[in-house]
Amino acid sequence: MSDCYVIEVSSQTAGIVVRDTKGYEFFAASHRFQALEGRIFRNAREAERAARRLLTGQDLQLAS
């Protein structure tokens, strides 16, 4: 399994997630995804879903 992934949503780079001992930490690629900066996710797919919700303006009840 990879240690980092690029997260893209609607052809936009949202950021990257990097695996550490707690999970996958999100690093935002632009101010649009800044709300996710530093959040820890269980996996890259969870981070991608959170970025998609943020982009579409859905409520961000994110599980960490």
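The values are calculated or read from the model by the stated rules, or taken from the named source; none is laboratory data. The structure presented is a predicted model; accordingly, all values stated were derived computationally and were not measured. Neighbour counts run over all protein chains shown; Cβ positions are idealised from the backbone, glycine included. Heavy atoms of the whole protein, side chains included, go into the accessibility calculation; ligands, DNA and RNA do not. Shrake-Rupley method; radii C 1.70, N 1.55, O 1.52, S 1.80 Å.
Observations
- Radius, Kirkwood style, for the chain when every pair of distinct Cα atoms is counted (Å): 11.3 Å
- Entry note, the chain: the mean residue ellipticity at 222 nm calculated from DSSP H runs of n ≥ 4, each adding -39500 (n - 2.57), is -6500 deg cm²/dmol after division by the residues and rounding to the nearest 500.
- Heavy atoms of residue 5: accessible area, 1.4 Å probe, square angstrom to 10: 80 Å²
- Debye, to nearest 20: dipole size of the chain, +1 on Lys, Arg Cβ, -1 on Asp, Glu Cβ: 140 debye
- Helix axis angle, 44-56 relative to the chain longest principal axis, alpha carbon, degrees: 10 degrees
- Inter-label distance for residue 27 and residue 43, nm, one decimal - labels placed 7 Å from Cα along Cα-to-Cβ: 2.3 nm
- Surface per residue (accessible, 1.4 Å probe) for the chain, Å²: 64 Å²
- Residue-level accessible surface for residue 27, protein heavy atoms, 1.4 Å, Å²: 80 Å²
- Apportionment of accessible area to carbon and sulfur, the chain, percent (1.4 Å): 47 percent
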